[in-house]
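Have a look at the structure below, then the notes.
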């Protein structure tokens, strides 16, 4: 009988074929699908781990910031957590994709390759977890998730970054949160270590390619937020009328990536706004909103609001000098003259009893750069242009208060505790008419120096009295700008004998005592100024550059952050007249009001109005927009329209009492009012963007 050679080990099959070893290159049937699924398992675990981590950190954020929840119920916040899964899934897909693709194509990587990938994953996860844990203190300070503002603070100048880092180190519990971060990261890192171990998947080229296509396809779906026609946008987090719940639905890392994408793609939001209304219609409507009787437009075919305004008759005599005091974080919510009960502002309250106080005034935004810009230029903080003084749009001349005064023979000077290079203050305002700057390095033997920000407010005010007295002795008229800084985190304040610490504010005590010190320094300044010969001839204007982000968050723009007192003071000038006015006003109204009080027959292009020429029944208006947020607010009287190009406008009624409140969303019940406010907002923004981008902020001279 014929026998097979001993070396042959395979058996013939009934059809003559021989059984062949497994070949991964030609998978078939269930084994092929199993291989593809196995190739996708590491990516799935990466993605799930990130989503779970984001949800846990969202819960941490909610627990740590619950004092800001306002009227949000646990049910509403629960909805926010569920809605937040879309943002979590999107950013998790971004973070997973490179490592998932690597595992598909390198299922048995060498040791050095695994270590490199593991190290990169460790650094990435540490950065992400640290950012979201740091977001707790960020939200407490600003009532917003991470985004443009988070890196707006940092600069290309090392000295500025040192100040910011010093403020963070001295003002916040950095060590505590760093330890929490390291513990959370270590657990996350340890759990994920298995995904970097060799795991042969038995898939050939076709199987790996199929897994790659499936991973990319599902990642795109997650990143887009689902199958809807438009990709996931920041407006998708705004699902309710409660700001806190809407914020909790977001994801800080997603916001950061979206901000970077928007920055790299140019002025996208501005382009969208300009499409909302034709320029001709916007110009006509903004003139109806802004212009007062007797104002004469200059070249109306070219400039939207360039005009000459008649003087007002609020004074018994015109001032010889003007001093504008912009006070850091001087919120109306802690101000006794406006109605607060903390006793933090006795000196300002006394001044208010002798002046004209507007108790419904709003800063244009939430940061100093925008407050100073809007006050001195009477120009709004527009979408995509949060910092015009630092960008190319700011290179054009504006009809600023310093420029107007310098053209009329006044000496103009700017005094400030800090660095004038910050936010390009000196570069911009020197171009806009400020002749002299006195900043951080110009104080000799200051009584107290904040290690982060510089000399205290008391020293700045003392120097101001010296400078004003010197100019007055030389028979020179002056326009002085004082910007204070001590009332700022980390609230490193000098000890003042007799200044009692306020303890009735709970977790706001540190901020309230910052306001208390700022008020004391202001009192010392005015006490010294009263002794000077120039006092009775000087108009003083006091306003907060912005307020604090304190609960509750009224509407999506967090309105309390921008509620500030505005006081015009000069007992001899007003003839002893004093009152509290309840019209809605803002930073934009200060320039035309000062021009009207001084009686200057000078062109300006203010986006605000002379508040002393408003009819008694005029509710007033204010435009507000938080830095880094695309959603502006338009206020008329006690109504506000909050709307952006990526979200439908919401209409509310406001109550700025103590405690404050806001109505339910009124858009469905009062559509005509909502539409009117929306048109006013759109016209204001479109006209502003046209003026800024076409370099029409000032007529050529």
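The values are calculated or read from the model by the stated rules, or taken from the named source; none is laboratory data. Everything numeric in this text was worked out from a predicted model, so none of it was measured. All Cβ positions, glycine included, derive from the backbone under ideal geometry; neighbour counts span all protein chains shown.
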* Keeping to region 99-112, report how many residues are touching a helix residue (DSSP H, G or I) at 6+ places or on another chain (Cβ under 9 Å) and surrounded by fewer than 17 Cβ atoms within 10 Å (Cβ to Cβ). => 2
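Limited to region 683-695, what total is found for residues that are surrounded by 18 or more Cβ atoms within 10 Å (Cβ to Cβ) and either modelled with pLDDT under 90 or closer than 14 Å to residue 282 by Cα (or both)?
8
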* Residue selected from region 526-544 under the condition free of Cβ contacts under 8 Å to residues at least 12 places away in the same chain and more than 13 Å from residue 354 (Cβ to Cβ), by the criterion surrounded by the fewest Cβ atoms within 10 Å (Cβ to Cβ) -> 531
* Structure fact -> Residue set 368, 331, 375; condition under 21 Å from residue 685 (Cβ atoms), crowded, with 21+ Cβ neighbours inside 10 Å and either modelled with pLDDT under 95 or touching a strand residue (DSSP E or B) at 6+ places or on another chain (Cβ under 7 Å) (or both); output residue 375
* **Leading residue by the ranking (surrounded by the most Cβ atoms within 10 Å (Cβ to Cβ)) among those in region 447-475 that are in contact with a strand residue (DSSP E or B) (Cβ under 6 Å, 6 or more places away or on another chain) and at pLDDT below 95** => 455
* When you go through 155, 125 one by one, which is the residue that is out of contact with any strand residue (DSSP E or B) (no Cβ under 9 Å at 6 or more places or on another chain), modelled with pLDDT of 80 or more and assigned by TED's automatic domain parsing to the domain that holds residue 50? -> 125
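Conditions tested, residue by residue: (1) part of a strand (DSSP E or B); (2) within 26 Å of residue 594 (Cα to Cα); (3) at pLDDT 95 or above.
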site: 618; (1), (2), (3): no, yes, yes
site: 628; (1), (2), (3): no, no, no
site: 634; (1), (2), (3): yes, yes, yes
site: 659; (1), (2), (3): no, no, no
site: 669; (1), (2), (3): no, no, no
site: 681; (1), (2), (3): no, yes, yes
site: 698; (1), (2), (3): no, yes, no
* To do: Evaluate region 667-680: report whether one residue or more is within 17 Å of residue 553 (Cα to Cα) and surrounded by fewer than 21 Cβ atoms within 10 Å (Cβ to Cβ).
  => no
* Right, residue 516: part of a helix (DSSP H, G or I) and touching a residue at least 60 places away in the same chain (Cβ under 8 Å) or not? -> yes
* With the condition kept exactly as written, say whether any residue in region 637-656 is in a loop (DSSP other than H, G, I, E, B) and either within 20 Å of the chain's Cα centre (by Cα) or surrounded by fewer than 15 Cβ atoms within 10 Å (Cβ to Cβ) (or both). => yes
* Asked: Is at least one residue of region 288-302 part of a loop (DSSP other than H, G, I, E, B), at pLDDT below 95 and either within 26 Å of the chain's Cα centre (by Cα) or crowded, with 21+ Cβ neighbours inside 10 Å (or both)?
  -> no
* Asked: So, of the residues in region 476-499 that are closer than 18 Å to residue 454 by Cβ and modelled with pLDDT of 95 or more, which turns out to be surrounded by the most Cβ atoms within 10 Å (Cβ to Cβ)?
  -> 484
* To do: Mind listing whichever residues of region 213-231 are in contact with a helix residue (DSSP H, G or I) (Cβ under 6 Å, 6 or more places away or on another chain) and surrounded by fewer than 20 Cβ atoms within 10 Å (Cβ to Cβ)?
  => 223, 225, 231
* **Answer residue from region 61-82, given it is free of Cβ contacts under 8 Å to residues at least 12 places away in the same chain and in a helix (DSSP H, G or I) and is nearest to the chain's Cα centre (by Cα) among those** => 66
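Residue by residue, here is whether (1) in a helix (DSSP H, G or I); (2) closer than 16 Å to residue 254 by Cα; (3) touching a strand residue (DSSP E or B) at 6+ places or on another chain (Cβ under 6 Å) holds:
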site: 84; (1), (2), (3): yes, yes, no
site: 95; (1), (2), (3): yes, yes, no
site: 99; (1), (2), (3): yes, no, no
site: 107; (1), (2), (3): no, no, no
* Report whether or not residue 384 is surrounded by fewer than 23 Cβ atoms within 10 Å (Cβ to Cβ) and either under 30 Å from residue 600 (Cα atoms) or touching a strand residue (DSSP E or B) at 6+ places or on another chain (Cβ under 9 Å) (or both). => no
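For a quick check of your reading: which strands (runs of 3 or more DSSP E) sit entirely within region 388-498 and have at least 1 residues that are without any contact (Cβ under 8 Å) to a residue 60 or more places away in the chain?
In region 388-498, the matching strands (runs of 3 or more DSSP E) lie at 436-438.
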